[in-house]
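I have placed the structure first, in the form of structure tokens, so that the comments after it can refer back to it.
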Amino acid sequence: MKKNAVVVGAGINGLVASNYLQKNNFDVTLIEKNNYIGGACIKDTIEYNKEKIFYPKGATVLGMMQKFIFDQTGLKKNIELFYPKSPKLVYFPNDTEPTKIYQNVEDLKRELKEKWNEYGDVEAFRNDENKVINYLQKIYEKGESPCLEKAKDFLGKRITDLWIIGSAYNLLNNYFTSEKTKLYMGMTVTESGPASIFEDGTAFTIPLMDSGSIFHGYWGFVKGGIWEITKQLDLINNELGVKTLLSTNINKIDTFNKKIYHDNGEVDYDILIFGTDPLTPSKLLDDKNGLKKLESKDLIGSSGKVTAFFKNPVRWKNASDKDCESSFRFIFSNTNLDEFEKSSQETKKNNVDYSEGYIQIYPEGAAQRKMGNNEKLDKLILFTKNFSFDKNSNDLSHARDKIISLLSKHIDNIEDLCETKFLTPKDLNEQFYFPKGNIDHMTLTHNQNFNKRTFSNNPQENFYQYLHYQDIYYCGAGSFPCGSVAGTPGYICSKQIIRKYA
Ligand SMILES: Cc1cc2nc3c(=O)[nH]c(=O)nc-3n(C[C@H](O)[C@H](O)[C@H](O)COP(=O)(O)OP(=O)(O)OC[C@H]3O[C@@H](n4cnc5c(N)ncnc54)[C@H](O)[C@@H]3O)c2cc1C
């Protein structure tokens, strides 16, 4: 007989878990408190000349998803993708032209030597990183939990120590001589929150962020917008028979009788899976000790996002190559690791509201044009560090103005900017329920990364178990490997449940 699985939270992880469970002998009920699905992978609109313009409210770019999840869920039938093959472009202060981050390692070595005086071993860095990525992709697909001993068996002690156990600072200094190369290669350590590059375990975030296989570790775009991923997955799941309850608040969970009481009735479960933030299950289970334990973790986020709308396609300065229109770009305000560390830690301590670090620019509008989706306005997404947690975007207009001013140095038509939308970590808390505004729910620091990224009291046996609760699991963005529109935690967790109950 089929078992009843109740999944709470219709973000990418809840949707991926529902998909696999429903196909593997579970009857799935998906409970979502919003009146829409998608979580942080949804669209929003602005009105321009009385027309609606859609844009990605939370997540923008796809990259960490595994190709096998894209294929096996059925998403590949309905979704068109694109990723830029042109080099990424990096601007440091006072650069008149950008440094090109070529995909080809020989071209990259030449460029980094010429522009940044890099005399280290770029090739060894890429080769070793690829070994770690290869290992990660294998454990993802097998649905294995992260384990240091197994990593050492596969990768050897040197690579495991350097890339998984060690600090980002040591890793970067091991391969590179130029501070600019170290900054560029290491920036993802603070992708979601103010992790210190000196802390053990932070090296791991670097290969982690490149461990998607949908674009071979690169990042790209979804035709229409990234929200098509959650929208289409919901349609696929409904066809499979997943019952989705929207606008549904859970009032009580009876773990003895395995019953959930919600606004519109009750539902029995054999297994219960949370694809929410990690604190919500404790609140719903009325587990004060559990909540206290989780609240003491390092949860803070420091990333924000400005979406900039332009009346005409953005014209980049020094854009000799038309192909680079859809390249990812990076504007750094820091020039060495010490400055990088100082600006990320300053906001952590709430010393300042905003400390310039770096801006990742996703050319959403140009990418849509490449896919034949010509929209009324051009869009740039400016994913930016480092904000403190205590202010909404309304209180930080000076930070938004600074971000636009940094951008304006590199484009010729800033006068075409007609609208901006801005989110700070506090806005992420209010709009997406991220406990402290962190897109990974917990900072990727040493006791919260790789094999420590679990909420289970029994991680050896049951990595995705929630605290001590038998048959209750957590697979949201706070669990291994991390957040992102990938659904990897949802997949590994459901795979382990399917194995357990087979
Ligand atoms: C501004 C921003 C930019 C980002 N950029 C990118 C990007 O470009 N690329 C990328 O890959 N990732 C990006 N991310 C991260 C990515 O969006 C998230 O990691 C991912 O969407 C998380 O998915 P999830 O399913 O774990 O959780 P969520 O998407 O947060 O979904 C959780 C769901 O649970 C529901 N829920 C919560 N509490 C309850 C309850 N009590 N009862 C019922 N339902 C409940 C919520 O309403 C929500 O629908 C970004 C995130 C943000 C906010």
Filter the range 257-268 for residues that are out of contact with any Ser or Thr (no Cβ under 8 Å at 6 or more places or on another chain) and either within 17 Å of Q470 (Cα to Cα) or modelled with pLDDT under 95 (or both); the one that is nearest to the ligand (Cβ to nearest atom) is I260
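Going by the structure shown, is F204 of a type in the set (F, W, Y) and closer than 27 Å to N429 by Cβ?
Considered against the rule, which asks whether it is of a type in the set (F, W, Y) and closer than 27 Å to N429 by Cβ, F204 comes out as yes.
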- Task: Might you check whether a residue that is more than 16 Å from the ligand (Cβ to nearest atom) and within 26 Å of L406 (Cβ to Cβ) occurs anywhere in the range 49-70?
- Result: yes
Those residues of the range 381-396 that are within 15 Å of the ligand (Cβ to nearest atom) and either within 20 Å of E191 (Cβ to Cβ) or crowded, with 20+ Cβ neighbours inside 10 Å (or both) come to a total of 10
Would it be correct to say that T188 is without any contact (Cβ under 8 Å) to a residue 24 or more places away in the chain, of a type outside the set (K, R) and either part of a helix (DSSP H, G or I) or buried (at least 20 other Cβ atoms within 10 Å of the Cβ) (or both)? yes
So the helices (runs of 4 or more DSSP H) completely within the range 58-158 holding 1 or more residues that are under 19 Å from the mean Cα position of the chain (by Cα) and among the basic types (K, R) are 67-73
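Does T45 fit the bill of being surrounded by fewer than 24 Cβ atoms within 10 Å (Cβ to Cβ) and without any contact (Cβ under 8 Å) to a residue 60 or more places away in the chain?
When the stated conditions are applied, T45 passes them.
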Only one of I236, I253 is more than 10 Å from the ligand (Cβ to nearest atom), within 22 Å of S282 (Cβ to Cβ) and modelled with pLDDT of 95 or more, namely I253
Per the list (1) surrounded by 14 or more Cβ atoms within 10 Å (Cβ to Cβ); (2) closer than 28 Å to A59 by Cα; (3) of a type in the set (K, R), residue check on K349 breaks on (1)
Counting only residues in the range 199-226 that are assigned to a strand (DSSP E or B) and within 15 Å of the chain's Cα centre (by Cα), the one surrounded by the most Cβ atoms within 10 Å (Cβ to Cβ) is identified as F221
Checklist entry - Any residue in the range 397-409 that is among the hydrophobic types (A, V, I, L, M, F, W, C), at pLDDT 95 or above and more than 21 Å from E97 (Cα to Cα)? => result yes
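If you check K100 against the conditions, is it among the basic types (K, R), buried (at least 21 other Cβ atoms within 10 Å of the Cβ), modelled with pLDDT of 95 or more and more than 8 Å from the ligand (Cβ to nearest atom)?
For K100, the condition - among the basic types (K, R), buried (at least 21 other Cβ atoms within 10 Å of the Cβ), modelled with pLDDT of 95 or more and more than 8 Å from the ligand (Cβ to nearest atom) - is not met.
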Counting only residues that are assigned to a helix (DSSP H, G or I) and farther than 28 Å from S388 by Cβ, the range 289-332 contains a total of 6
For I229, the lone unmet condition from (1) within 16 Å of the chain's Cα centre (by Cα); (2) outside any helix (DSSP H, G or I) is (2)
Only one of Q470, Q496 is over 24 Å from T73 (Cβ atoms) and not basic (K, R), namely Q470
Screening E199, E239 for residues that are among the charged types (D, E, K, R) and touching a strand residue (DSSP E or B) at 6+ places or on another chain (Cβ under 9 Å) leaves only E199
Over the range 418-440, the set of residues within 20 Å of S196 (Cβ to Cβ), within 11 Å of the ligand (Cβ to nearest atom) and in contact with a Phe, Trp or Tyr (Cβ under 6 Å, 6 or more places away or on another chain) is P425, G437
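The values are calculated or read from the model by the stated rules, or taken from the named source; none is laboratory data. Just so we're clear, the structure is a prediction, and the values are computed from it rather than from any experiment. Cβ atoms come from the backbone with ideal geometry, glycine included; neighbour counts cover every protein chain shown.
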